[in-house]
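Each remark here refers to the structure printed beneath this line.
Every number in this text was worked out from the coordinates using simple rules, so none of it is lab data. Since the structure is predicted, the reported quantities are computational estimates derived from the model, not experimental observations. Positions of Cβ are generated from backbone atoms using ideal geometry, with glycine treated the same way; all protein chains shown enter the neighbour counts.
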Amino acid sequence: MQSRESSIGRYAYEMVNTALWAFGAATALWFLFNIPTMIQTQRSADRLLILELADESRMYCEKWGMRTGTVEHAHCVWDVEEIREKHKRRILADLEDL
């Protein structure tokens, strides 16, 4: 009886061990083939965010009467970008404290 239970236990262990190694290898291959796509997707999202922020800055400064192409408008956009950058740094500093 002991050897049969021991044999079943070894068999179960080997099956689980093999399945985990196969899962690990499949996961590694999945990441290997999908990392370029994930990087490209992130870059596309970053480009879209930059365009959205630039459009928001432009609209904000125009809302306050500064026409696009003027020195005042350029200074306004720079100020808005500086405010965003300071806000981002504050958030990152707060996250580091967690």
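Principal axis extents of the Cα atoms in the range 2-96, from largest to smallest and rounded to whole angstrom, are 87, 30, 16. Listed from fewest to most Cβ neighbours within 10 Å, the set 73, 87 follows the order 87, 73. Using a simple spin-label model with pseudo-atoms 7 Å out from Cα toward Cβ, residue 53 and residue 87 lie 1.1 nm apart. For the chain, the 222 nm mean residue ellipticity estimated from helices alone, with every DSSP H stretch of n ≥ 4 adding -39500 (n - 2.57) and the total spread over all residues, rounds to -33500 deg cm²/dmol.
With the charge dipole of the chain set up from +1 on Lys and Arg Cβ and -1 on Asp and Glu Cβ about the Cα centre, the Cα lying farthest toward the positive end among the listed residues 27, 65, 49 is that of 27. In plain terms, the chain from residue 74 to residue 22 could stretch by 13.0 nm, reckoned as 0.36 nm per residue minus the Cα-Cα distance. Relative to the Cα centre, the charge distribution of the range 28-98, modelled as +1 at Lys and Arg Cβ and -1 at Asp and Glu Cβ, gives a dipole magnitude of about 180 debye. Put the Cα centre of the range 59-84 next to the Cα centre of the range 23-58 and the gap is 30 Å. If the chain linking residue 45 and residue 95 were pulled fully straight, counting 0.36 nm for each residue of separation and taking away their Cα-Cα distance, it would gain 15.8 nm. Principal-axis analysis of the Cα atoms of the chain puts helix 2-63 at an angle of about 10° to the longest axis.
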